[in-house]
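To start, the structure under review is shown below, and the notes come after it.
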Number of protein chains: 2
Amino acid sequence: MVKVRLAAPVLQQNEEAARENRISFQKHGIFVLNLMSSPGSGKTSTLERTIEHLAGSLNLAVIEGDIYTTRDAERIEKRGAPVVQINTAGSCHLDARMIKPALEDFDLGKLDLLIIENVGNLVCPAEFDLGEDARAVVLSVTEGSDKPMKYPLIFRQAQVVLINKMDLLPYTDCDLPLLEKELKSINPELELFQISARENTGFSPWLEWLKKQVKIKKQTADQTS
Amino acid sequence: MVKVRLAAPVLQQNEEAARENRISFQKHGIFVLNLMSSPGSGKTSTLERTIEHLAGSLNLAVIEGDIYTTRDAERIEKRGAPVVQINTAGSCHLDARMIKPALEDFDLGKLDLLIIENVGNLVCPAEFDLGEDARAVVLSVTEGSDKPMKYPLIFRQAQVVLINKMDLLPYTDCDLPLLEKELKSINPELELFQISARENTGFSPWLEWLKKQVKIKKQTADQTS
């Protein structure tokens, strides 16, 4: 009943930093993806598989956002991708000002694709532009089919939903056609990909989508430089 | 790297409202539980089963917190419990000021137990005292064993963790002994209950715990009144 809003200065400062990040990404022709989900949907596992599949074809780096711990960054490092960990020390989302200093740790001129794994949270990260080109949400079938309607903002602002844990679908009550229908009703432009990060299935269409975006970004960067 | 904190006035105002709620609960001898989890862990299903089991033995009411929709409140109403829906209209957690007006819709003198289902989020709800007596977190085995270490605050402040979706354990990579060990390392006082809301199993110890708390609360209320 009482509406709590972020104070304007926080979002204003964020927008400024996001704009600066975006200019930097554009200059180097790097496609940047903001990867979001609730805790435990399988963001890191999806990212591990994506790195495996793209090895040798794209130069990819990762920024890992977590409130505490470096567990996810260690998992990503093992897959051979350059990774920087940002610990938010309590904050429930990444903001653009946290991204900026992390970029200094990469050789941006050599990157094609930067994936930013946000803090596990279906609500707050949606409000903070990091300067990315696109947003993908990982949603697992074990979370139930009603999540899009209950947390619409994050899905409205995304380009992709990766429907994960498809291997568990037979054991859940998730109504997959209903889930997909509701996602499309919130955002008709959404690309939906059904995957199982654990079983390593369904990744091809997602990888094709990513490669296409990287190619488009490179072309626009070449034209503007 | 940059730390974002809530402005002090928000938390101060919340504490004041929480104190007023607590006085009101104490006056009526109502045990109040703040039920939290990430989206899709099974808070509402757990609550539905809990209501079913307690029907006839305790007078229970529910406050449903959601960002949007009244879907969960409709589910609870079907189980026969008085329910008030609070839509936070974008905010990622309930705060004590939202609870206060909702209490006017209940006959507090007749209640033994009030369960407040918070917004699905493992981060932000942990910072807001609603005036409750205890906090329970629902954590599903499909979320993976690393969640407590990544989101410690909510577990540090809880009295109970309901480990849900135990029926799916054989199909996941969740290391249950590790999960329980890490929960206890964060908070040695935690009561852990393994349940499956879908299969309706494992509820007895949890229901006994709840009944015991209700009894203790009634006794202390009787003494102070």
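Each value in this text was obtained by applying a stated rule to the coordinates, not by laboratory testing. If you're wondering where the values come from, they're calculated on a predicted model, not measured in any experiment. Please note: Cβ atoms are built from the backbone with ideal geometry, for glycine as well, and neighbour counts cover all protein chains shown.
Plainly put, the tip 7 Å out from Cα toward Cβ on B:Leu207 is 5.1 nm from that tip on each other copy, the closest given first. In this assembly of identical copies, the label point of B:Thr69 (Cα plus 7 Å along Cα-to-Cβ) is separated from its counterparts by 2.8 nm, sorted shortest first. When GluC sites (Glu not before Pro) are flagged only if DSSP places them in a loop and at most 15 other Cβ atoms lie within 10 Å, the longest unflagged stretch of chain B comes out as B:1-103.
Remark on the range B:163-225: hydrodynamic radius 13.9 angstrom, per the Kirkwood mean of 1/r across alpha carbon pairs. Distances between placed amide hydrogens fall under 5 Å for A:Val137 paired with A:Met36, A:Val160, A:Val161, A:Leu162, all partners being 5 or more residues away or on another chain. Legend: helices of chain B (whole DSSP H runs) are marked when their alpha-carbon atoms reach 24 angstrom or more along the helix axis and their mean Kyte-Doolittle hydropathy is at least 1.6; nothing is marked.
Pairs from the table (A:Lys100/A:Lys211; A:Lys165/B:Lys150; A:Lys78/A:Lys184; A:Lys100/A:Lys147; A:Lys211/B:Lys165; A:Lys165/A:Lys217) lying more than 28 angstrom apart at Cα are A:Lys78/A:Lys184; A:Lys100/A:Lys147; A:Lys211/B:Lys165; A:Lys165/A:Lys217.
Using bins of 10 Å that start at zero, the share of Cα-Cα pairs per bin across the range B:67-142 amounts to 15, 50, 32, 3, in whole %.
Take each residue of peptide A:142-151, count the partner chain Cβ atoms within 10 Å of its Cβ, and average: the result is 6.
Take every Cα pair under 8 Å whose residues are at least 6 apart in sequence, average their separation, divide by the length of the range A:26-224, and the relative contact order is 28 percent. Between B:Gln219 and A:Ser57, how many nm apart are label points set 7 Å from Cα along the C-beta direction? It works out to 6.7 nm between the two label points. Above 33 Å, the calculated P(r) of chain A contains 13 percent of its Cα-Cα pairs. Across all directions, the average flat footprint of the convex hull enclosing the Cα atoms of the range A:1-124 is 8.3 nm².
Can you spot the lysines whose alpha carbon is less than 17 Å from B:Lys215's alpha carbon? Ignore those fewer than 8 places along the same chain. Straight-line reach from B:Lys215, under 17 Å: B:Lys27, B:Lys110.
3J(HN,Hα) couplings calculated from phi for the range A:164-174 with the Karplus curve 6.51 cos²θ - 1.76 cosθ + 1.60 (θ = phi - 60°) are, in sequence order, 9, 6, 4, 5, 8, 3, x, 9, 10, 9, 4 Hz; Gly and Pro show x. Under the convention that each Lys and Arg Cβ holds +1 and each Asp and Glu Cβ holds -1, the size of the dipole of the protein assembly as shown around its Cα centre is about 240 debye. Take every pair of alpha-carbon atoms less than 8 Å apart whose residues are at least six positions apart; their mean separation over the length of the range B:1-137 yields a relative contact order of 41 percent.
Taken over the protein assembly as shown, the convex hull of the Cα atoms encloses 134 Å³ per residue. Counting only DSSP beta bridges with both residues in the protein assembly as shown, the antiparallel share comes to about 5 percent. For B:Gln194, the residues whose amide H sits under 5 Å from its own are B:Ile163, ignoring neighbours fewer than 5 places away on the same chain, with H placed 1.01 Å from N.
The antiparallel fraction among DSSP beta bridges confined to chain B stands at about 5%. Placing a label point 7 Å from the Cα of B:Arg156 along the Cα-to-Cβ direction, the residues of the range B:114-138 whose backbone N falls under 19 Å from that point are B:121-130, B:134-138.
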